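The values are calculated or read from the model by the stated rules, or taken from the named source; none is laboratory data. Here the structure is a predicted model, which means the values were calculated and not measured. Here the Cβ positions follow ideal geometry from the backbone for every residue, glycine too, while neighbour counts run over all protein chains shown.
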Amino acid sequence: MNAEIISVGTEIVLGDILNTHSQFLSRELAGMGINVYYHTAVGDNDRRFTGMLENALNRSDIVFLTGGLGPTTDDITKETACQLMGLECHYDEAIGERIRSYFARSGRRMSENNKKQAMVPQGAVVLQNDWGTAPGFILEKEGKTVVLLPGPPRELQPMFLQRVKPYLEQKTNGIIFSKNVRVFGIGESLLEEEIVDLVTSGNPTVALYAKTGEVLIRVTAKAPNQQQAEELVDGMIGQLRERLGNTVYGIDVAGLNEALVAELKRQKKTVATAESCTGGMIAEQITDVPGSSEVFEMGTVTYANRIKRDLLGVSEQTLQTVGAVSRECALEMARGLAQKSGADFNVAVTGIAGPSGGTPEKPVGTVYIAVEHGGKVWCHHYYFARNQKERDYNRTQACLNAMNMVRLTLTDPKIYEEYYE
């Protein structure tokens, strides 16, 4: 099945609000094996919306309409869809009573125009809204399906997951099952070269999605039953692991921080951080994960040279000769942190995040990351900047790579032998 998403609302077209619907729905539909070929947005204009919906119905099996189900005159989604599909609407007393009860519970007066939300299209599947007033609807006619969802994300997302998704799963033949493979340390284009034959293999499907500093690979299989679908997915993941090695850091995990904390817990190891250019981002990422108190010892933000010297024992000679942004400084920061924390892994980061502060010898984006473990230190020099204004990008990349260096040491014994001095 092929799907299309139309987001309705002048506020979206004007950029007053961020359209998160297309991202959420596309991600969910891809996991179900439903292809999404078009994303569009249209203002609250009946003529333009009609033309857009007509085109969508000509080229897609399922059209998702988000927003425009409210009680005001500019909420035109339901009315326009019904007019185009030749469907009459009638007032549903049960839905009207639910809306009245909703207002009564919240201590608000229900206005007359809210009755508009209780108008139900002929033959529609009604999607009960337990998170707001406007119900959603599924309309079917001549092999085409139109799904109408309310605009607020706090209503749309649970309505899709609890109402629409089970309905669509009944329409598909067999079981569709997905897992997400998280990859760090290889770019999307190079990764695709490594697995191009798997990407075009058919069933399971392998789809690449570039994220900040990493790539997500979604593996989706379709089979007559759950067990067969899972076996297909797991078999493909085995091939991906074989091709990509230790760049694969997790399956169905939220991010690198979650994978790192889980591995530290599994091995009963601890970590500490000393940060300059990242300003505490690494510590924040680690402690964002529930249960991180089991593995996180301490975090310091040693921005000033005086603090690097007094707290971590960085020598004045190092600071005066090669500077705070140097391999020598990162090494001394990591060793000094190890003496303070007693943690198994001690991560130190120093660099030039920008947009100012760079020199021809040390341009903006220059970062040194050192990890102390077992009395030895691995220090790596990175250069992240794509342009001088990307301060947040440089800091984020430094944070991710610092966590990844610890992860690699935890999961690949050869790393300690090859890179730690």
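Given the options PRO150, PRO135, PRO166, name the one that is of a type outside the set (S, T, N, Q), under 23 Å from GLN83 (Cα atoms) and within 27 Å of the chain's Cα centre (by Cα).
Working: PRO135 fails: within 27 Å of the chain's Cα centre (by Cα); PRO166 fails: under 23 Å from GLN83 (Cα atoms).
None of the others qualify; the one that does is PRO150.
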If you check MET298 against the conditions, is it hydrophobic (A, V, I, L, M, F, W, C), over 20 Å from the mean Cα position of the chain (by Cα) and farther than 30 Å from PHE177 by Cα? yes
Selected residue (criterion: farthest from ILE34 (Cα to Cα)) from residues of segment 195-218 that are out of contact with any Phe, Trp or Tyr (no Cβ under 8 Å at 6 or more places or on another chain) and either buried (at least 17 other Cβ atoms within 10 Å of the Cβ) or in the same structural domain as ILE34 (by TED's automatic domain parsing) (or both): ILE195
Is it the case that some residue within segment 250-266 is among the acidic types (Asp, Glu), surrounded by fewer than 18 Cβ atoms within 10 Å (Cβ to Cβ) and without any contact (Cβ under 8 Å) to a residue 40 or more places away in the chain? no
Looking at segment 76-85 only, could you name the residues that are surrounded by fewer than 20 Cβ atoms within 10 Å (Cβ to Cβ) and under 16 Å from VAL125 (Cα atoms)? GLU79, MET85
Does LYS144 satisfy being in contact with a helix residue (DSSP H, G or I) (Cβ under 8 Å, 6 or more places away or on another chain), basic (Lys, Arg) and on the phi < 0 side of the Ramachandran plot? yes
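Matching residues to (1) more than 23 Å from GLY9 (Cβ to Cβ); (2) touching a helix residue (DSSP H, G or I) at 6+ places or on another chain (Cβ under 8 Å):
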| residue | (1), (2) |
| --- | --- |
| CYS82 | no, no |
| CYS89 | no, yes |
| ARG100 | yes, no |
| ARG105 | yes, no |
| ARG109 | yes, yes |
| PRO152 | no, no |
| GLU155 | no, no |
Would you tally the residues in segment 170-213 being under 23 Å from the mean Cα position of the chain (by Cα), part of a strand (DSSP E or B) and either within 24 Å of GLN227 (Cβ to Cβ) or among the basic types (Lys, Arg) (or both)? 11
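Against the condition in contact with a helix residue (DSSP H, G or I) (Cβ under 7 Å, 6 or more places away or on another chain), assigned by TED's automatic domain parsing to the domain that holds GLU275 and either within 12 Å of CYS277 (Cβ to Cβ) or not charged (D, E, K, R) (or both), how does ALA398 come out, does it pass? Can you show your working first?
Details: in contact with a helix residue (DSSP H, G or I) (Cβ under 7 Å, 6 or more places away or on another chain): no; assigned by TED's automatic domain parsing to the domain that holds GLU275: yes; either within 12 Å of CYS277 (Cβ to Cβ) or not charged (D, E, K, R) (or both): yes.
So ALA398 fails the test.
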Test each condition in (1) in contact with a strand residue (DSSP E or B) (Cβ under 7 Å, 6 or more places away or on another chain); (2) of a type in the set (Ser, Thr, Tyr); (3) under 28 Å from GLU4 (Cβ atoms) for TYR91 and report the one that comes out false. (3)
(1) buried (at least 19 other Cβ atoms within 10 Å of the Cβ); (2) outside the structural domain of GLY86 (by TED's automatic domain parsing); (3) assigned to a helix (DSSP H, G or I): which one isn't true of ALA221, the others all being true? (3)
Pairs, please: C-beta under 7 Å, at least 6 apart or cross-chain, first residue farther than 13 Å from ILE352 by Cβ and in segment 321-333, second surrounded by fewer than 20 Cβ atoms within 10 Å (Cβ to Cβ) and of a type in the set (A, V, I, L, M)? GLU328/VAL322
Elements of type strands (runs of 3 or more DSSP E) contained in segment 63-128, each with 2 or more residues being of a type in the set (Asp, Glu) and either touching a residue at least 24 places away in the same chain (Cβ under 8 Å) or in contact with an Asp or Glu (Cβ under 7 Å, 6 or more places away or on another chain) (or both): none
Scan segment 139-169 residue by residue and report those that are assigned to a strand (DSSP E or B) and among the charged types (D, E, K, R). GLU140, LYS141, LYS144
So, first residue among the hydroxyl-bearing types (Ser, Thr, Tyr) in segment 177-201, second residue at pLDDT below 95 and surrounded by 19 or more Cβ atoms within 10 Å (Cβ to Cβ), Cβ within less than 6 Å, six or more apart or across chains; the pairs are SER178/THR220
